[in-house]
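Working notes, beginning with the structure itself.
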Amino acid sequence: MTDKLTLIPLGGMGEIGKNMYVFQYKDDIIVVDAGLKFPEDEMYGIDYVIPNITYLVENQKKVKAIFLTHGHEDHIGALPYVLRQLNVPVYGTRLTLGLLKVKLDEFNIAANLKEIRAGDETNIGGFIIKAIHVNHSIPDCVGFAIKSPIGTIYHSGDFKIDQTPVDGRVTDYYALTQLGNNGVLAFLSDSTNAHRLGYTKSEREVGKTFDEIFARTTGRIILASFASNIHRIQQVFDTALRFKRKVAVVGRSMVNNVKISTELGYLTYPETAYVEIEEINRLSADKVVIITTGSQGEPLSGLTRMASGSHPRISIVPGDTVIFSSTPVPGNEKLVSKVIDGLSKAGANVIYQGIADVHVSGHASREELKLMINMVKPRFMIPFHGEFRHQTAFAQLAEQMGYEENAILCVKNGDVVEFTADSARVTSKVTSGSVLVDGIGVGDVGNVVLRDRQQLAADGVLVAAVTIDRANRKILAGPDLISRGFVYVRESESLLKEATQQVTATLTKAIQESTEWSSLRSAMRESLANFLYEKTRRRPVILPVILELNKD
Ligand SMILES: [Zn+2]
Ligand SMILES: [Zn+2]
């Protein structure tokens, strides 16, 4: 058997979220990232979706370490769950580990966290892993050059190419070109913006827009952004300082992130630039900036509550200016529009992307991807961090650059990609998929429960309760129909009366044929389902409840 290097994505392929990439050489496995994904609309009641890590649990002894590219939820959010099953060291940069630590403390998990810096090389089994600094929408982000005897794979992390980053730390072009010159077998690339022409704008452009807005605004300024976008928050502090405003922070994740990044030195401002939220009413409106969570219209967030007039401390008044320094993540558009409406009705001047350049993406557009490919000069390419259309757009881009079609692999979660020194192909598949987290339950909600929740949400529930005398094959009481979310009982008396007659008739007949619980129950369910569908074209969840009297 020839030596092989394998890559198995357990999440992040064909989707934006729950990134997790497994690299294996002989008996050594290292994992890059362990992220979560937010549930889709039809996943009622689900808090998070995390990758299925059956493969790693089955190969536990081989798993040597987890490496983190950066501190976003879609890269670190599954760790509290993953570390319960895998006791391995976690490597990451200072800010990434700082953000992770808060999360692990909440879950009461002690982990072996190992800090690395961009430029560091770490030896693990047959691997040497080199961290390379890249720009993104959170500081301290790295890509990983994963070197093995078979060849080097470069995992890009999430990246953009920003020539004027807020902290002055540009992507490490030297390390990347050096890597390219030494030969890269495969390049795993962020493909989020593979469909966008040109270059993604520099983070600093947003600062210029802030300047313009602050210059012409005399009332309060309230700004919502992702809590992890530390450079955005830095620019708010910088601009506020220039315009002699003080900054207050609201929203749990915003308060936490500002605290940690300030402690770790990623966010810098003079103490006088900050004001406690309780103190803002002592300042005049033109001296205040409030940074808040809620840029995605999240129902319980600070901004959403301000928009609905239910925030305990901040009421929107005419003259307020609200800036959405973000764009809605696909799926959140409606929530965000609702919040914008609420704020506007309360009299605020609302500024969002499209009206002004108040947001830039953290992901590379087509020209940046090309630049990266030209630096890294890989033999093979695998686009990740994208839905299938993004992966395809990446493949087309690479082909336009002269790469052969078979040099680009658009793979799926669970695919086993085998590399030799001069080949790459998908050879098999391992267990992968989604594990749903609901409250403290991990994985106990599966497709059956979800289908019930979807049906309950769509058409409600109808309970049919009946008491029978099994020995004498008689109905003693009922059936009584009770419904929630199906029809309004007071206005549907005749429908329910008819339904009762229907199920009584069915049951009277069925009980003569059999007194088995299961057959009685299914007779009731079927008769009600058919009748109600015929009358209403609805399919409520039907729960037959049979009680027995005179039991021995
Ligand atoms: Zn990210
Ligand atoms: Zn990401």
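The values are calculated or read from the model by the stated rules, or taken from the named source; none is laboratory data. On a predicted model such as this, the values are computed, not experimentally measured, just so you know. FYI the Cβ positions are ideal-geometry reconstructions off the backbone, even for glycines, and counts take in every protein chain you see. Remember, those area values only see protein heavy atoms, side chains included, never the ligands or the DNA or RNA. Shrake-Rupley method; radii C 1.70, N 1.55, O 1.52, S 1.80 Å.
Annotation note: GluC sites (Glu not before Pro) in the stretch 228-284 located in DSSP loop regions with a Cβ neighbour count of at most 16 within 10 Å are 276. Per residue, the average separation of C-alpha pairs within less than 8 Å and at least 6 apart gives the stretch 203-352 a relative contact order of 28 percent.
With a 1.4 Å probe and all protein chains left in place, how much of the accessible area of the chain comes from carbon and sulfur atoms, in whole percent? Don't jump to the answer; show the numbers that get you there.
Details: 12150 of 25040 Å².
The C+S portion of the solvent-accessible surface of the chain is 49 percent.
Taking amide H atoms as placed 1.01 Å from N in the peptide plane, the amide H of residue 67 lies under 5 Å from those of 31, 32, 33, 91, each 5 or more residues away in sequence or on another chain. Relative contact order for the chain using alpha-carbon pairs under 8 Å, separation at least 6, rounded to a whole percent? Reported relative contact order: 16 percent. With K and R counted +1 and D and E -1, the other residues having a Cβ less than 15 Å from that of residue 318 yield a net charge of 0. Less than 5 angstrom separates the built amide H of residue 291 from those of 223, 248, 249, 250, all sequence-distant by 5 or more or on a different chain. By the Stokes-Einstein formula, at 0.890 mPa s and 25 °C, the stretch 460-549 with its Kirkwood radius over alpha-carbon pairs has D equal to 188 µm²/s. The angle between the Cα long axis of helix 388-400 and the main principal axis of the chain comes to about 30°, on a 0 to 90 degree scale. Taking the C-alpha atoms only, the angle from helix 203-216 to the longest principal axis of the chain is near 80 degrees.
Going by average Cβ neighbours within 10 Å, how do the peptides 12-23, 87-98 rank, with the highest at the top?
12-23, 87-98
Considering only DSSP beta bridges whose two residues both sit in the stretch 460-549, what percent are antiparallel, to the nearest 5? Could the numbers behind the result be given before it?
On the way: 8 of 17 bridges.
Bridges in the stretch 460-549 that DSSP calls antiparallel: roughly 45 percent.
Looking at the chain alone, DSSP beta bridges between its own residues are antiparallel in about 50 percent of cases. Here is the P(r) of the stretch 191-266: all C-alpha pair distances, binned every 5 Å from 0, give 3, 13, 23, 21, 17, 12, 7, 3, 0 in whole percents.
Given the stretch 358-481, what whole percent of its Cα pairs are spread farther than 25 Å? More than 25 Å apart: 58 percent of the Cα pairs in the stretch 358-481. Counted over the stretch 10-70 with a bin width of 10 Å, the fraction of Cα pairs per bin, in whole percents, is 22, 47, 24, 7, 0. Positive end of the dipole of the chain (Cβ unit charges, origin at the Cα centre): among 361, 68, 463, the Cα lying farthest that way belongs to 463. In terms of the mean number of neighbouring beta-carbon atoms within 10 Å, the peptides 129-140, 177-188, 452-463, 232-243 order highest first as 129-140, 232-243, 177-188, 452-463.
Altogether, the Stokes-Einstein calculation at 4 °C and 1.567 mPa s, with the Kirkwood radius of the stretch 77-226 over Cα pairs as Rh, returns a diffusion coefficient of 72 µm²/s. Pairwise alpha-carbon distances in the stretch 28-114 exceed 18 Å for 41% of all pairs. Here the translational diffusion coefficient of the chain follows from Stokes-Einstein with Rh set to the Kirkwood radius across Cα pairs; for 10 °C and 1.306 mPa s it amounts to 60 µm²/s.
Using bins of 10 Å that start at zero, the share of Cα-Cα pairs per bin across the stretch 203-352 amounts to 12, 46, 37, 6, in whole %.
Return the calculated 222 nm mean residue ellipticity for the chain, to the nearest 500 deg cm²/dmol, obtained by summing -39500 (n - 2.57) across DSSP H runs with n ≥ 4 and dividing by the residue count.
Values: 15 runs with 175 residues, N = 552.
The helix contribution divided over the chain gives -10000 deg cm²/dmol.
Taking chymotrypsin sites (Phe, Trp or Tyr not before Pro) across the stretch 435-540, the ones in a DSSP loop with at most 13 further Cβ atoms lying within 10 angstrom of their Cβ are 488.
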